[in-house]
């Protein structure tokens, strides 16, 4: 299959490009930054560039975006031009070129304010049916791009699947108070309970979505590690998360104590991947139990792919912990 991957110099884009090429696919990598994974240096906001890149392509995997860390360093129009107009360029040129499937890498950030219920309420159970309430221009433009995917599917029949990924970036947390209280890996392992996914599992979800897109037609999927919680746990994990974890994972306290780690006292949301597992046949490998087992063995809980790709940063960002020097 000949596949266009946008954002190929980024964290996910490079991983997708590498794995797809290893699987024997002919991959065109498009990005504004040069890298070994990128064959065309250009912007998705450039319609002529997009037209050239989609010629003769069977599938588009669209992971290029301005990210949340760009909110403080880029204007809202920049987000509109890249995340909305760029996505529309890709969709319309894909239709014109006869592309037969389109994947859009979205984000759980589209849910926005729906992720943080009032302090007196249980944690939020986040499925694809939750109505997004975007918090910033990043969420607004990613949700608008999702809607463009649905519109083009309905108008032209181009199969479009949307993968709303949770956190898989290796960079530090953007919250000063969290970084000051917890070791970085401690934070990331805690997050596997409710809001993180390993890069290898993100890639495997995309590969399955590529296979299933023509059959499914259109769909939105939450892509996050499988949570150990059920909807019956939402009050308990909001009130006393460590007590729930101790009951479910009796060995966690010992493993954490050896590293001087701590569990978060409470969490306010849980991402639910059941639809992706059911409809895509996705079987994510990396979760909190897997991480505990690896830590008990003195091993790194991250996948080999995540370790080899490493931190990519966010181009042209000049704010906080994501500042590019």
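Bear in mind that the values in this text are calculations on the coordinates, not laboratory data. For clarity, every value in this text was computed on a predicted model and none was experimentally measured. Positions of Cβ are backbone-derived with ideal geometry, glycine not excepted, and every protein chain shown enters the neighbour counts.
List of remarks:
- Every condition in (1) in a helix (DSSP H, G or I); (2) surrounded by fewer than 23 Cβ atoms within 10 Å (Cβ to Cβ); (3) in contact with a helix residue (DSSP H, G or I) (Cβ under 8 Å, 6 or more places away or on another chain) holds for residue 141 except the one numbered (2).
- On the stretch given as region 202-235, residues that are more than 18 Å from residue 110 (Cβ to Cβ), assigned to a loop (DSSP other than H, G, I, E, B) and either touching a residue at least 40 places away in the same chain (Cβ under 8 Å) or touching a helix residue (DSSP H, G or I) at 6+ places or on another chain (Cβ under 8 Å) (or both) total 6.
- Listing of strands (runs of 3 or more DSSP E) fully contained in region 1-109 that carry 2 or more residues being farther than 25 Å from residue 147 by Cα and in contact with a strand residue (DSSP E or B) (Cβ under 9 Å, 6 or more places away or on another chain): 26-31
- Search result, residues across region 179-191 that are more than 19 Å from residue 224 (Cα to Cα) and either touching a strand residue (DSSP E or B) at 6+ places or on another chain (Cβ under 8 Å) or surrounded by 15 or more Cβ atoms within 10 Å (Cβ to Cβ) (or both): 182
- Out of 199, 210, one residue alone is over 12 Å from the mean Cα position of the chain (by Cα), surrounded by 18 or more Cβ atoms within 10 Å (Cβ to Cβ) and under 26 Å from residue 59 (Cβ atoms). It is 210.
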